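The structure under discussion appears below in the form of structure tokens.
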Amino acid sequence: MNPPGTHGSNPIGLLGLGIYLPERVMTNDEWAQYVDTSDEWIVARTGIRTRRIVGEEESTADLALAAAQAALADGAFEPADIDEIVLATDTPEVFIPDTAAYVQARLGVGHIPCYDLAGSGCAGFVLALDIARSRALADGRRVLVIGVELLTRLMDWEDRNTCVLFGDAAGAAVVGAGPGAVEIVAATAGTDGSKSDILGVEAGGTRLPITVERVQQGLHKHVVMQGRKVFREAVGRMSAASHEVLAKAGVSIDDVALVVPHQANLRILDAVTKRLGVIDERVFVNVQEYGNTGSASIPVALWEAREQGRIKPGDLVLLTAFGAGFHWAAVLLRF
Ligand code: UT7
């Protein structure tokens, strides 16, 4: 931990990055065995070709732990170096307590505070980066940020409107002050709660508690999604959040070496690319391989971009995300 409020010449940013992807790869043709769909339809409407599916023995804390350990190893940290955990997920280990508590115990970090950003949708990880940055700034903390999603376990495998879109994954970052940090230059976030019923899972909360009848109707795993509205909002909000964070940092989109957007759907990414006025080569895309992995999508994409040599020292990298809520968030990084 650094002394509160002092980080000297050390920028606050990412000090380590790690991911975990389940082994099982599921193709579109496999989905066609469960629902009335086709590889052609899924590729044309979403760009998705495969996604990872979690193993039967695995649950949310397993994936989160594996990504967290990878992030610690990446930054050469020991568990004792972590002061706080914030974990973003819509698919928790259990209803109560939060997944962060399970990860804390298994990671061996001691009795540090930890909490979930639950239901923050696909924007959760980027929002958590912003929170972690504030904690590092105000309190000198080194915060472990995790985005984890087992969306294929939440989905109704008989609802073709949603089941083919999603995948399972986890990503994590250590956020704090350090000489080698990937600096968080600026961050922004917002919410429009008036559109909260357009995307979500209604049953299971206090509004529609779980009953035998509701389970028989499949409501506990029914994802309400008005696809076209979500599409429009995603494009508008991710573009606007990008402009906002660039303005905060006093730079233009032309200064950005790589945009890493939430990987929802190839058509959404194409539309955001056009609105931002960047060429395709400056936008990282891996949705074809993993589908929409919710709050894990940005850390997985960022990790892959780094591994593939798409980011050089000094590069500005823009993260922009959107999800149920509706929530949105954007972060500008300097490598
Ligand atoms: O992180 C945010 C999460 N959500 C999203 O990113 C979703 C955003 N929305 C979208 O990506 C698109 O709206 C979808 C990919 C979900 C759908 O594409 P669309 O071009 O908006 O199609 P549509 O909803 O207008 O549906 C067209 C047709 C419908 O059939 P009818 O009513 O025209 O006969 C659907 O029933 O496509 C049908 N359809 C499918 N057909 C084959 C819906 N899902 C499937 C499917 N396979 N999997």
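The values are calculated or read from the model by the stated rules, or taken from the named source; none is laboratory data. Since the structure is predicted, the reported quantities are computational estimates derived from the model, not experimental observations. Here Cβ is always computed from backbone atoms with ideal geometry, including for glycine, and neighbour counts include all displayed protein chains. Note: accessible area is taken over every heavy atom of the protein model, side chains too, but ligands, DNA and RNA are not part of it. Shrake-Rupley method; radii C 1.70, N 1.55, O 1.52, S 1.80 Å.
Assorted remarks:
- Candidates per chymotrypsin sites (Phe, Trp or Tyr not before Pro) in region 76-184, loop by DSSP, up to 10 other Cβ within 10 Å: F95
- Solvent exposure of the chain amounts to 42 Å² per residue of accessible area, where only protein heavy atoms count and the probe is 1.4 Å.
- Of the solvent-accessible surface of the chain, computed with a 1.4 Å probe over protein heavy atoms with every protein chain present, carbon and sulfur atoms account for 51 percent.
- The aspartates and glutamates within cross-link reach of K229, meaning a Cα-to-Cα straight distance under 15 Å and a gap of 8 or more places when in the same chain, are D192, D197.
- Within a Gaussian network of the chain (alpha carbon springs, distance under 10 Å), most fluctuating of V143, V25, V235: V25
- Length gained when the stretch D315-R267 is fully extended (0.36 nm per residue, less Cα-Cα span): 14.7 nm
- Across the chain, C-alpha contacts under 8 Å between residues 6 or more apart give a mean separation that, scaled by the residue count, equals a relative contact order of 25 percent.
- The largest accessible area among W328, W303, W31 belongs to the first residue in W303, W328, W31, and the rest follow in falling order (1.4 Å probe, all chains).
- Rounded to the nearest 20, the Cβ-based charge dipole of region 155-298 about its Cα centre (Lys and Arg +1, Asp and Glu -1) stands at 380 debye.
- Dipole of region 229-280 computed with +1 at Lys/Arg Cβ and -1 at Asp/Glu Cβ about the Cα centre; of V251, L276, F231, farthest Cα towards the positive end is F231.
- When H111, H220, H262 are compared by accessible area of protein heavy atoms, the largest-first order is H111, H220, H262, using a 1.4 Å probe.
- Among G314, V109, V94 - extreme Cα towards positive end, dipole of the chain, charges at beta-carbon: G314
- Three-way shape call for region 40-95 based on the alpha-carbon gyration tensor, with the a/c threshold at 1.5: prolate
- C-alpha long axis of helix 266-276 to longest principal axis of the chain, angle in °: 40 degrees
- With Cα atoms, 0 to 90° folded angle of helix 60-74 axis to the chain main axis: 30 degrees
- Using the Cβ-Cβ distance between H243 and T211 with R0 set to 35 Å, the FRET efficiency from 1/(1 + (r/R0)^6) comes to roughly 0.15.
- Cα gyration tensor, region 72-201 - rounded (a/c under 1.5), prolate or oblate: prolate
- Gyration tensor (alpha-carbon) shape descriptor, region 284-335, a/c threshold 1.5: oblate
- Taking one quarter of the surface of the C-alpha convex hull of the chain gives a mean projected area of 16.3 nm².
- Net charge contributed by nearby residues that have their C-beta within less than 15 Å of H243 (K/R +1, D/E -1): +1
- Relative to the longest principal axis of the Cα atoms of the chain, the long axis of helix 227-249 lies at roughly 10 degrees.
- Charge tally in the Cβ shell below 13 Å around R232, where Lys, Arg are +1 and Asp, Glu are -1, R232 excluded: +4
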